[in-house]
Amino acid sequence: MAAQFRKFFQALGSKEFRNYLMSTHFWGPVANWGIPIAAIIDMKKDPEIISGKMTTALCVYSAVFMRFAWMVQPRNYLLFACHITNEGAQLIQGGRLIRYTLVLTRRVFIPFVVELQII
């Protein structure tokens, strides 16, 4: 067990790992994690504030960059994980928006239709 820990810490101290920490393959995805984190936090807020256009744009953006992260050599697993998380969060937000819009539409039009039938 001690040998495995020693090997792990030697890998963390290697020049290759330090170069990775100083590259855009690391810092790009780290900075990008703000988008899915914000979407996850917004899931507790009122769906009235969700922008359908922005949610759609972020879904397309994450799908494109998931493919990029997978195809680039070497594969960027951190970027892939960031975008798959964002894709899921945006799809949930889109579902919340659709559900909210349908409920709002029913509230507005159903009483109106009922009143017309009574008169």
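Normalised by the number of residues in the chain, the average gap of Cα pairs under 8 Å and 6 or more apart makes the relative contact order 29 percent. Listed by chain and number, the lysines whose C-alpha is less than 25 Å from the C-alpha of residue 15, apart from same-chain residues fewer than 8 away, are 7. Compared with the dominant principal axis of the Cα atoms in the chain, helix 2-12 is inclined by about 80°. Working note: 222 nm ellipticity from helices only, DSSP H runs with n ≥ 4, each -39,500 (n - 2.57), summed and divided by the residues of the chain, gives -27500 deg cm²/dmol to the nearest 500. Taking 0.36 nm per residue of sequence separation and removing the Cα-Cα distance, the residue 61/residue 23 pair yields an extension gain of 11.5 nm.
Projecting the Cα atoms of 74, 64, 40 onto the charge dipole of the chain (Cβ charges, centred on the Cα centre) puts 74 farthest toward the positive pole.
Here the chain is assigned +1 on the Cβ of each Lys and Arg and -1 on the Cβ of each Asp and Glu. Its dipole about the Cα centre then comes out at about 420 debye. If you wrap the chain in the convex hull of its Cα atoms and look at it from every side, the mean projected area works out to 11.3 nm². Taking the fewest neighbouring Cβ atoms within 10 Å as the starting point, the ordered list for 24, 55, 101, 85 is 24, 101, 85, 55. With a simple spin-label model that places each label point 7 Å from the Cα along the Cα-to-Cβ direction, the separation between residue 68 and residue 48 comes to 3.6 nm. Projecting label points 7 angstrom from Cα along Cα→Cβ for residue 104 and residue 31 puts them 3.4 nm apart.
Each part reduced to its alpha carbon centroid, the range 90-105 and the range 9-46 end up 30 Å apart.
The angle between the Cα long axis of helix 52-71 and the longest principal axis of the Cα atoms of the chain comes to about 30 degrees, rounded to the nearest 10.
The numbers here are math on the coordinates, done by the rules we state, and not lab data. Predicted, not measured: the structure shown is a model, and the values here were computed from it. Using ideal geometry, Cβ is built from the backbone for each residue, glycine included, and neighbour counts are taken over all protein chains shown.
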